[in-house]
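Right, one structure below, let's go through it.
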Amino acid sequence: MGGGLTSKKYITAASDFTDSNYIKDNIGIQTTYLNAWLLHAAIGEESSVYKGDPNGIRDALKNNKVVVTGGIIPGISTDTVTMLLAESANATHVINVSTPKGVYDETGNFVESMDIDKLIDMALKGDTRVARSSFIFDVIACKIAKRSKTELHFLDKDISNIEGAILKRKHGGTVIK
């Protein structure tokens, strides 16, 4: 779970007081858990909020079908945290729900499917390692997806797209293999 607009507001406010990316990263991490708890409230008892070492995710998944988490370490994006947790749990798919419909190429055209190596190339160009920098998925997360052979699904907040991705059906987002 990312920090979204809440994170952006807090990190922007913190910029008035500090130039420390470490402090801004920690503020961002805290906002990811606000959002994780909100999503947990929306999903209900089928879910839990997990905060801790990536190795513990398997135990959390034994008790709940859906595990929601946030950031863990300053400087490590929630994309990377997600992929570490997915790899630890031997997940075959990761669903990334965000504002854009999916992945767009360098010319701004929507892409239905893409090879993981192409996504890595795009991430290398856009990943600045600065809090709230804008890129679809960071390069470390992309490389973890590649080594673990995890299929990535990027989609917007449309519930039918989310259901399609969960049920492994066609959806309106982007699939990365």
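The values are calculated or read from the model by the stated rules, or taken from the named source; none is laboratory data. The model shown is predicted, which means the values in this text are computed figures rather than measured ones. In this analysis, Cβ positions are derived from the backbone assuming ideal geometry, glycine residues included, and neighbour counts consider all displayed protein chains.
The table that follows gives values for the structure above.
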{"read-out": "Any hit, segment 136-149, residues being hydroxyl-bearing (Ser, Thr, Tyr), in contact with a strand residue (DSSP E or B) (Cβ under 6 Å, 6 or more places away or on another chain) and either at pLDDT 90 or above or in the same structural domain as Thr31 (by TED's automatic domain parsing) (or both)", "value": "no"}
{"read-out": "Extreme residue, nearest to Gly71 (Cα to Cα), among residues of segment 13-38 that are among the charged types (D, E, K, R) and in a loop (DSSP other than H, G, I, E, B)", "value": "Asp19"}
{"read-out": "Per-region count, segment 87-116, residues of a type in the set (S, T, N, Q) and more than 24 Å from Ile159 (Cβ to Cβ)", "value": "4"}
{"read-out": "Hey, Asp79 surrounded by 18 or more Cβ atoms within 10 Å (Cβ to Cβ) and either touching a residue at least 40 places away in the same chain (Cβ under 8 Å) or of a type outside the set (Lys, Arg) (or both) or not", "value": "yes"}
{"read-out": "Neighbours by Cβ (under 6 Å, 6+ apart or cross-chain): first from segment 45-59, surrounded by 15 or more Cβ atoms within 10 Å (Cβ to Cβ); second part of a strand (DSSP E or B)", "value": "Ser47/Val66; Ser47/Val68; Ser48/Val67; Val49/Val68; Tyr50/Val67; Tyr50/Thr69"}
{"read-out": "Helices (runs of 4 or more DSSP H) contained entirely in segment 55-129, each with at least 1 residues that are closer than 15 Å to Thr174 by Cβ and out of contact with any strand residue (DSSP E or B) (no Cβ under 7 Å at 6 or more places or on another chain)", "value": "78-88, 116-126"}
